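Before any comments, here is the structure.
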Amino acid sequence: MQRNRKSYRIHAGWLIASMLLSASLVVLFVFAAQQNQRQICRGIIVEHMRTGSHPEFISASDVLKTIRNFHPEGKPLHQIDLHAMELVLQQIPWMQHVVMFFDTHGKLHVRYAQRIPLLLVYTTDRKSFYLDKEGRQIPVSDQYRPDVPIVTGWFSLNHQHDSVLTQRLTQIGILLMDNRFWNAQVQQIAIQPDGRLLMIPTVGPVIQLGKAERFDLQCRVLQAFYEQVLLKGYMQVYDTVDVSVPSQIMAIRKSMPADTQLRQLQFAHQDTNGGQPRVAMMPITNQQSVFLHHTQKPLIP
């Protein structure tokens, strides 16, 4: 019986403590709500989440100007519609993400991130736009022109959207941005009428990528070719390099006489130790050369 009384007292004590805590929280929430109604917006702080990583399509002053159109400063916090301001900022085509909140001093913080351009695309009807990491089109801005590779031969903007081509170009742009070697080397990507891609380097031969379905593997093979062949005094020897089939390279010499053999440069798969791909040169017959074709370097608009 005594043990039951102790258990009852403990449960009663917990119940009373819970009721007091709940009452305290209610009082605290009511007090906070009253304070929030009395507190006013005492300033606006705008921060770019990626400052220094890329030049800005959208400056902090542009964001601040947009927010001040709502006249938040001096207003009670409960009268300021943060959601409405966020929606307006998200409609800016260069805006990727925006977060807004008030601190304990009543200052409005605005943190935003712009879209990251990967490629500058020129269409067949002489329009242009940037392609970002999500495959979305970003309009060209007069504020700045990022140093990114150029894509030419894109169909007219009125053409039906080609999601496969967009996805492949986006993957190419991401790899070029993340790879220091190819980021410095690639100047232009040209889309051929049949959908095949040409890659125009800053120096060296034109590169035929085909459909570029395995661009990551093609880049590995090409880098081995650059390091083991071109950079050893052969940069000006070859006019075109074909890696349409990712497991092999076919190179065409410049001003090739009729009796000169073409060279097929075929790479061996990496060994189990993860070594660098090796390039082995072997001649191919003139009969086989009919499958190779020389394409003049496209002009940059």
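The values are calculated or read from the model by the stated rules, or taken from the named source; none is laboratory data. A quick note: this is a predicted structure, and the numbers were derived from the prediction, not measured. Positions of Cβ are backbone-derived with ideal geometry, glycine not excepted, and every protein chain shown enters the neighbour counts. For accessibility, only protein heavy atoms count, side chains too; no ligands or nucleic acids. Shrake-Rupley method; radii C 1.70, N 1.55, O 1.52, S 1.80 Å.
Just a few scattered comments:
- Surface share of carbon and sulfur [accessible, 1.4 angstrom probe, percent] for the range 125-253: 46 percent
- Computed from the Kirkwood radius of its Cα pairs, the Stokes-Einstein diffusion coefficient for the range 81-122 at 10 °C and 1.306 mPa s stands at 134 µm²/s.
- Distant-in-sequence amide H partners of A251 (H built 1.01 Å from N, under 5 Å): D242, R263, L265
- Relative packing of 185-194, 228-237, which averages over residues the other C-beta atoms within 10 Å, highest first: 185-194, 228-237
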